[in-house]
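One structure is given below, encoded as structure tokens.
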Amino acid sequence: MLGASERRHPHCDRLLADVLTLADDPAVDGIVVGAQWFGYFAQLPGDEYRYRVDGVPLDADEGRRQALTRLEELLRRIARPGRRVSLLSNIPVSPVLDPRAVARSKLFSIGGAESGGRIGRSAFVAQNDFAYRGLAAAAAAAGAEWIDPLPHLCDARYCYGMGTDGRAIYKDGAHLRPTFVRSQVRFLDRYIDG
């Protein structure tokens, strides 16, 4: 997003500049903006590495509001007549979804009861309510389409770290496995295939 910075990721300014350069190309007919948004908005008091927007930490209410305003500005800036601009919300994230945590949970379960590998969908949404509502509102205000991956990655009650075939969906607690994305994440196809 415009104005965002974090000491561990000094290359982000260059990435944003590249995106803006590509967005100036009239041949680009669609742009999907996505990030690990909940990482930006996570409350990490005292964390010297926390994200900031225009110098204001994102773990402060003012910083969150400013971040959403700057994201809306970015979405408006990259929009062009005839171009589809979309904002991709966060995938479910949790250390519990990490395949290593799932394996530990199975290894140390008692009587076959598995405690890991899934998180409650409604609790996850409630925990990240500010980001969900704020991102959806920023997309709407900028005229961008809102893409929510939860209906595609979760059932009505849970979000899982393992697929029904027993294979890991995640490579860690915050990133989907590339093989899963290529074979199972169909909800993005229409944005990529045109």
Checklist line | Pick from the range 1-18, criterion surrounded by 13 or more Cβ atoms within 10 Å (Cβ to Cβ) and closer than 24 Å to ARG80 by Cα, ranking: modelled with the highest pLDDT | finding: LEU16
Next item on the list: Search the range 56-83 for residues being of a type in the set (Asp, Glu) and surrounded by 17 or more Cβ atoms within 10 Å (Cβ to Cβ), and hand back the single one that is farthest from GLU145 (Cα to Cα).
Entry: ASP59
Next item on the list: Mind listing whichever residues of the range 134-161 are in a helix (DSSP H, G or I), closer than 27 Å to THR179 by Cβ and without any contact (Cβ under 8 Å) to a residue 40 or more places away in the chain?
Entry: PRO151, HIS152
Notebook entry, point to check: When you scan the range 143-161, how many residues do you find that are buried (at least 19 other Cβ atoms within 10 Å of the Cβ) and farther than 29 Å from ARG100 by Cβ?
Noted result: 1
Item checked: Matching residues in the range 111-127 - criterion: being crowded, with 20+ Cβ neighbours inside 10 Å, on the phi < 0 side of the Ramachandran plot and either at pLDDT 95 or above or not hydrophobic (A, V, I, L, M, F, W, C) (or both) -> GLY116, ARG118
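The values are calculated or read from the model by the stated rules, or taken from the named source; none is laboratory data. All of these numbers come straight from a predicted model, not from anything done at the bench. In this analysis, Cβ positions are derived from the backbone assuming ideal geometry, glycine residues included, and neighbour counts consider all displayed protein chains.
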